[in-house]
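The values are calculated or read from the model by the stated rules, or taken from the named source; none is laboratory data. Since we're looking at a predicted model, the values are computed, not measured. Cβ sites come from the backbone with ideal geometry, for glycine too, and all protein chains shown count toward neighbours.
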């Protein structure tokens, strides 16, 4: 066990910090859930890519730096400490990207990954349907083969960033006779083809953070099939594993929230809330340690299975606790619309719902770690 | 950064686990409530090198640090080990080493047993110990058992034998003040490590029960209310785990943030044990509320160690004083 950074890791951190210091926009970008904000965030992704910082853990041939997990964490730490914008293409870079590299054809990797890294293509997810949420295997949207095209019909919903995204990835029923987890295929869908209608949905905080996507005989080339036909569930679960695990919420976001919470406490000291504030700081540190513990194990050949569900429950509930503490510290001002803590609180409240509800995560832990059936 | 244990450390842990599974069964833990600690078990642990793990090699020990020790303390907690591994090996040995090394060759073989008290009202395992390291006015004294008078103060954990000790200070050991501060952190870290093992044992025993016990024609573990209780208990202990291991590294490396790291460890581990105990009791139902069911042996150990060496609230306050 050695919890110090190597000289190479320190140099990597310095390089990232220096680049970010000169490139991070000095005025905050508009929310990426607005058209103008989305455009600004897309431009920021392109800037990141020019510095080869948009997908540091990817291989160099696709625009990354081949960074290992520790270097990836170091970059994320510097990224969030620098106050850099949120990642509008996180669904692409952190979820679909690794899946593409694992199961995509060489042609698909060459076609999609560089555009993903550059922010030319912003991706959203097409998992949930109106009648398939926690019970995802109940999806009904179907894809029918017609020559060298899939013909897609049905409805996807809760597609974050879907309002402005260029592409959607999701699973579709390709064998109408198969039920549940069988007969599904993972397909990459361009959102600008005929038959695709995107309808933005206003979220709890008022902005159109997600969208529903209607598919009415939309034609998509078969070379947009990811993995084997009929094996979509397995491909999707690999993606969901990345999401619940380390890649969706790197620890430094929460460390920064905890630091802001301490700053708020210092500005408005309230001894009744001191324990809540220190719990927030400790939780963020604990989550960071848990992440380092997990990636160290991965680097030595370990695997992350159902334990990823523990992570997801912890970060999502910690985020709510920290924002609730901040709202308490703000007292009567907490209700004012448009406050940064209130916006953060709205966002945090979604955490236990998306990427598999925390109830589903607790079921997974009980089933697969504790073998309770 | 390499936040893992070596293969050797894990193999040693497994060997100790095997030994304790044979020599520290629930029946053995129960026996300690009535007849006290087992010198035979202590000798077996000494023969493996566990008792003298932190004793410098020149005195016949393994000369290992807290990173090497933390996994073994976790196993001690899992097994419910009644003997004072925490007081002897985690806290006492480094103090004697700082004082010049006297008695350490006997401690390494297990023929002399240490206990320690750093300002708490009662002394653990004082009846078993040959040498008591006792604090008086900020200085530490080494006192032989023949020179003290013991009054039993039964703990909620009957295997943890507590005593009031009457004694007369003579000549303090020459121990630098920073070493005394470090000794408190070593004790809190070791308690946190044992609490990890206790928590996980409670969860495993309870998951076993939830698979066996049927109601409404199915195992109670198939009900979501029960699953979620156990998932929450597991979450608490698995999140505490790397916090405790990091604290072990910080103590071993004399990291300047050692105090904060140890306090985080003790706070999370104490809370995890409390959660595990309550879930274990609730999921077991009425049988868990009986003397005959083994879970109380671990629940009570968790309560006692959760309060010892600073409870969760005390340690959170220590962190708050440092970071807020």
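Within segment A:247-275, being part of a helix (DSSP H, G or I), more than 7 Å from chain B (Cβ to nearest Cβ) and within 27 Å of the chain's Cα centre (by Cα) holds for A:247, A:252, A:253, A:254, A:255, A:256, A:257, A:258, A:259, A:260, A:261. Annotation: residue A:250 fulfils all but one of (1) at pLDDT 95 or above; (2) within 26 Å of residue A:103 (Cβ to Cβ); (3) buried (at least 19 other Cβ atoms within 10 Å of the Cβ); the unmet one is (1). Among the residues of segment B:202-220, just one is under 13 Å from residue B:285 (Cβ atoms) and at the interface with chain A (Cβ under 7 Å from one of its Cβ atoms), namely B:210.
When residue A:274 is tested against (1) crowded, with 23+ Cβ neighbours inside 10 Å; (2) more than 26 Å from residue A:184 (Cα to Cα); (3) at pLDDT 95 or above, only condition (1) is not met.
The sole residue among A:317, A:333 that is assigned to a helix (DSSP H, G or I), at pLDDT 90 or above and farther than 30 Å from residue A:372 by Cα is A:333.
Yes/no per residue for (1) free of Cβ contacts under 8 Å to residues at least 40 places away in the same chain; (2) not in a helix (DSSP H, G or I):
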| position | (1), (2) |
| --- | --- |
| B:4 | yes, yes |
| B:8 | yes, no |
| B:15 | yes, no |
| B:19 | yes, no |
| B:22 | yes, no |
| B:31 | yes, no |
| B:41 | no, no |
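Every test in (1) crowded, with 17+ Cβ neighbours inside 10 Å; (2) within 14 Å of chain B (Cβ to nearest Cβ); (3) touching a residue at least 24 places away in the same chain (Cβ under 8 Å) is passed by residue A:355 save one, and that test is (2). Of all residues in segment A:100-148, those satisfying the criterion of being part of a strand (DSSP E or B) and over 28 Å from residue A:353 (Cα atoms) are A:144, A:145, A:146. Determine whether residue B:220 is over 25 Å from residue A:251 (Cα atoms) and crowded, with 23+ Cβ neighbours inside 10 Å. Considered against the rule, which asks whether it is over 25 Å from residue A:251 (Cα atoms) and crowded, with 23+ Cβ neighbours inside 10 Å, residue B:220 comes out as no.
For the residues A:194, A:211, the requirement of being part of a loop (DSSP other than H, G, I, E, B), over 30 Å from residue A:73 (Cα atoms), away from chain B (no Cβ under 13 Å) and at pLDDT 95 or above singles out A:194.
Quick one: is residue A:338 in contact (Cβ under 8 Å) with a residue 12 or more places away in the chain, over 17 Å from the mean Cα position of the chain (by Cα), surrounded by fewer than 15 Cβ atoms within 10 Å (Cβ to Cβ) and away from every other protein chain (no Cβ under 14 Å)? Considered against the rule, which asks whether it is in contact (Cβ under 8 Å) with a residue 12 or more places away in the chain, over 17 Å from the mean Cα position of the chain (by Cα), surrounded by fewer than 15 Cβ atoms within 10 Å (Cβ to Cβ) and away from every other protein chain (no Cβ under 14 Å), residue A:338 comes out as no.
Scanning segment B:289-302 for residues that are in contact (Cβ under 8 Å) with a residue 12 or more places away in the chain and either within 18 Å of residue B:186 (Cβ to Cβ) or in contact with a helix residue (DSSP H, G or I) (Cβ under 7 Å, 6 or more places away or on another chain) (or both) gives B:294, B:295, B:297, B:298, B:299, B:301, B:302.
Tell me yes or no: at least one residue of segment A:52-60 is under 22 Å from the mean Cα position of the chain (by Cα), assigned to a loop (DSSP other than H, G, I, E, B), within 28 Å of residue B:255 (Cα to Cα) and at pLDDT 95 or above. Scanning segment A:52-60, I find no residue that is under 22 Å from the mean Cα position of the chain (by Cα), assigned to a loop (DSSP other than H, G, I, E, B), within 28 Å of residue B:255 (Cα to Cα) and at pLDDT 95 or above, so the answer is no.
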